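Following: one structure in C-alpha cells, then a few remarks.
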Amino acid sequence: MNLLNEKKIALSTDEFIGVLALCGYEDVAREASLLKRDMTEEQLGAFAYHVERLLKHRGYWDESRSTQLVQEVEDLIHAVMKAPKKARCVYGQYALIFHHLADGGRIVQRFEGMDHIFTMINGNLDYVEHLIDFYGLPEEEPKEGIAPFKIERELFDSMGTYTDEEMDAICKDEDHPISFRSFLRDFQERHAVFDSITFMFGEEVEEAQRDEPVYLFLRGKSCVWFLDYSFVTEANEIEVYPVEMKEYMKLIAEEELPAWLERN
C-alpha cells in the first residue's frame, strides 16, 4: 500500500460503502448502511453513479481494473477487512479504530467531519501518540496519596443517579479515602461518561483467543482511572487503579495491561 506510506486515504461514508461493495464485501456494505437496504434498482443505480463521481474526483477510480478502483484503495479495503485484530477506541461520541494487520503493520482509521481517514502507522510509539492525541493528556500533575481502591458494584451502579449536591457532599467528606473522592470528582466532571478501548478479532482467530476484555476507564484531571472488573463475580466489587496517562496508553499499545494488573 504505497499510497498509505506517502499520504492518507480519505473516503466519505458513501464512498466507503461503495468501495466495500466493489471489493466484494456487499454484506458488510449493507450492514454499514441501514438506510440503503431497501433501495429500488433505480435508487441503487443512482447511488452507484453518485459514488463513482465522488471516487473519480478523489482520483481513486480506474476503469481498467476489475474493481474499477485504483490498486492502493483496493489493497486498503482488503487489508482492513482481513485484519485479524482491531482496537476500537471510544471517547464520548468520537471513535478511532486501529486495524492490526497480519504482517504486523497497523492502519488507523479516524473520522474527520464526514470522512473516514486511513493512515499507516509505524510501531508502538506511533500507536501511543495516536492514542494520546485522541484522548488528550490530563490537565494537572498526578496528586500525592492517590492509590488503587475497591468499590462495591451496587455503589458503582448507583453513582450516576447522584445529584451534584450529593456528589459535592461526598467529595468534601474526609471520612472517605482521598482516592475515592478524587475519582468521584472526575466522574462528576466527566458527566458520568466512561471511555473505552475494545479489541475485536477476525474469524480466522482461534475462538479461545477471542475473549479479550473491554478496557473501561475514566480520564481524570491528573490521571486515568482504570476499572478492573475481575472481581465482580467473586466479591461483587470493582477495583479502580489510577494510572499515568502515557503509561496507560503504552500498556494498551503493548498489550501489557493484564500483566501490569498482576504486579499491582
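The values are calculated or read from the model by the stated rules, or taken from the named source; none is laboratory data. The structure displayed is predicted, hence computed values, not measured ones. Glycine gets a Cβ as well: all are built from the backbone with ideal geometry, and neighbour counts include every protein chain shown. When the accessible area is computed, the model is the full protein with side chains, heavy atoms only, and any ligands, DNA or RNA have been set aside. Shrake-Rupley method; radii C 1.70, N 1.55, O 1.52, S 1.80 Å.
Condition (residue is open to solvent by less than 40 Å² (accessible area, probe 1.4 Å), part of a loop (DSSP other than H, G, I, E, B) and either at pLDDT below 95 or not basic (K, R) (or both)) applied to segment 30-46: is it met by at least one residue?
yes
Within segment 160-205, count every residue that is of a type outside the set (S, T, Y) and under 30 Å from P84 (Cα atoms).
11
Here is a list of conditions, (1) assigned to a strand (DSSP E or B); (2) crowded, with 19+ Cβ neighbours inside 10 Å; (3) of a type in the set (D, E, K, R), and R88 meets all of them except one; can you say which number that is?
Condition not satisfied by R88: (2).
Please indicate, with yes or no, whether at least one residue in segment 223-243 is under 25 Å from R106 (Cα atoms), in contact with a helix residue (DSSP H, G or I) (Cβ under 9 Å, 6 or more places away or on another chain) and surrounded by fewer than 16 Cβ atoms within 10 Å (Cβ to Cβ).
No; the residues of segment 223-243 include none that is under 25 Å from R106 (Cα atoms), in contact with a helix residue (DSSP H, G or I) (Cβ under 9 Å, 6 or more places away or on another chain) and surrounded by fewer than 16 Cβ atoms within 10 Å (Cβ to Cβ).
Which ones in segment 244-260 are open to solvent by 10 Å² or more (accessible area, probe 1.4 Å) and either touching an Asp or Glu at 6+ places or on another chain (Cβ under 6 Å) or not aromatic (F, W, Y) (or both)? Walk me through it before giving the result.
Step one: filter segment 244-260 for residues open to solvent by 10 Å² or more (accessible area, probe 1.4 Å), giving 244, 246-247, 250-251, 254-256, 258-260.
Across segment 244-260, the qualifying residues are E244, K246, E247, K250, L251, E254, E255, E256, P258, A259.
When the residues of segment 96-111 are narrowed to those that are loosely packed, with under 15 Cβ neighbours inside 10 Å and in contact (Cβ under 8 Å) with a residue 12 or more places away in the chain, which ends up nearest to V28 (Cα to Cα)? Reasoning before the result, please.
Looking only at segment 96-111, we keep the residues that are loosely packed, with under 15 Cβ neighbours inside 10 Å, and these are 102-104, 111.
If we keep only those that are in contact (Cβ under 8 Å) with a residue 12 or more places away in the chain too, we end up with 102, 111.
Details: A102: 20, F111: 19 Å.
Selected residue: F111.
Give me the pairs: first residue in segment 152-168 and surrounded by 13 or more Cβ atoms within 10 Å (Cβ to Cβ), second residue assigned to a helix (DSSP H, G or I), beta-carbon distance under 7 Å, and six or more apart or on different chains, which are they?
What qualifies is R153/V232; M159/F187; M167/L184; M167/Q188.
How many residues are among the small types (G, A, S) and buried (at least 16 other Cβ atoms within 10 Å of the Cβ) when one looks only at segment 175-193?
Going through segment 175-193 one residue at a time, the tally reaches 2.
In segment 116-132, how many are open to solvent by 30 Å² or more (accessible area, probe 1.4 Å) and modelled with pLDDT under 90?
So the answer is 6.
Since Q93 meets every condition but one in (1) within 18 Å of V243 (Cβ to Cβ); (2) surrounded by fewer than 15 Cβ atoms within 10 Å (Cβ to Cβ), which condition does it not meet?
For Q93, the failing item is (1).
Taking the criterion of being at pLDDT 90 or above, open to solvent by 70 Å² or more (accessible area, probe 1.4 Å) and among the basic types (K, R), would at least one residue in segment 196-214 satisfy it?
No, segment 196-214 contains no residue that is at pLDDT 90 or above, open to solvent by 70 Å² or more (accessible area, probe 1.4 Å) and among the basic types (K, R).
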